[in-house]
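The values are calculated or read from the model by the stated rules, or taken from the named source; none is laboratory data. Please read all numbers here as calculations on a predicted model, not as lab measurements. Virtual Cβ from ideal backbone geometry, glycine too; neighbours counted across all protein chains shown. Calculation scope for accessible area: heavy atoms of the full protein, side chains included, ligands and nucleic acids excluded. Shrake-Rupley method; radii C 1.70, N 1.55, O 1.52, S 1.80 Å.
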Amino acid sequence: MEQKWPQQIWLVRHGQSAGNVARDAAEAAAGLHIDIAERDVDVPLSPLGAEQARALGAWFAAMPANERPNVVLHSPYVRAAETARIIMRQLGPDSLMAVQVDERLREKEFGILDRLTVLGIEHRYPELHEQRQHVGKFYFRPPGGESWCDVILRLRSIIDTITREFCKERVLIVGHQVTVNCFRYLFERLDEAAILAFDRAADVPNCSVTSYSFNPHDGKHGKLGLQLTNFVAPLEAAGTPVTVQKDVPAAPKA
């Protein structure tokens, strides 16, 4: 049977953002609100986030030409788009067969909980906080926002696009912490308990790599096999600090 999957897929969370920094400051001060003026979609990389993206771009660029990404898909959010652009500059635009911005890769939408700290959510919306604790983050949908299941639904459709348009190619996807975890749920055929266990164990570091390679001998018709998980060696090798802050807003672990 004809191969339907890309040969390689890399999932990358954007570099540290100004929102990550503002969230840390708010939580350190036991504040209720994360002090950042931009819409979530417009939050840029921090200077460290740009440095992280350059370190990761150098790692990709050092690969043999026939092993580097030749397709780049990224979230339209500024912090993800900037990360992708920095990496692409190191790869060289002429080496890429396709570059696409896809709104389905956007951050999980937080609705009325946007820009609130954990303390802020508990203080302003105690009933929602209680409901979320009961339902769990996988199914809980804040007013005006999304659950993890909602994110997974839109990622299912982008997988259809990837298998249709980029089979046998080498695809780099730059997104957000929740999108990385939800892709893992789909690619690794996980269930709610498994993906939430991964989420509780560790946040996805900024500019870390989770990757999959197509194995034609796995399963009946071949499938993607996990290679790297939250891989940060490119940053460490460059002497670039590794950060694991959550995207805005923070939320308690389920």
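Scanning region 89-139 for residues that are among the aromatic types (Phe, Trp, Tyr), open to solvent by 60 Å² or more (accessible area, probe 1.4 Å) and modelled with pLDDT under 95 returns a single hit, Tyr125. Each residue in region 62-73 was checked for being within 18 Å of Glu169 (Cβ to Cβ) and open to solvent by 10 Å² or more (accessible area, probe 1.4 Å), and 7 of them qualify. Suppose the filter is part of a strand (DSSP E or B) and out of contact with any Ser or Thr (no Cβ under 9 Å at 6 or more places or on another chain); does Ser157 pass it? No, not satisfied.
Within region 234-254, if we keep just the residues that are open to solvent by 40 Å² or more (accessible area, probe 1.4 Å) and either at pLDDT 60 or above or touching a Gly at 6+ places or on another chain (Cβ under 6 Å) (or both), the residue that is farthest from Ser208 (Cα to Cα) turns out to be Ala254.
Any chance you could count how many residues in region 161-203 are surrounded by 13 or more Cβ atoms within 10 Å (Cβ to Cβ) and either free of Cβ contacts under 8 Å to residues at least 60 places away in the same chain or among the acidic types (Asp, Glu) (or both)? Summing the residues that are surrounded by 13 or more Cβ atoms within 10 Å (Cβ to Cβ) and either free of Cβ contacts under 8 Å to residues at least 60 places away in the same chain or among the acidic types (Asp, Glu) (or both) in region 161-203 gives 15. Which ones in region 89-105 are assigned to a helix (DSSP H, G or I) and closer than 11 Å to Val174 by Cα? The answer is Leu105, and nothing else. If you go through region 204-225 and keep only what is open to solvent by 30 Å² or more (accessible area, probe 1.4 Å) and not in a strand (DSSP E or B), you end up with Pro216, His217, Asp218, Gly219, Lys220, His221. Residue count for region 81-107 satisfying the condition of being touching a strand residue (DSSP E or B) at 6+ places or on another chain (Cβ under 8 Å) and farther than 22 Å from Ala50 by Cα: 2.
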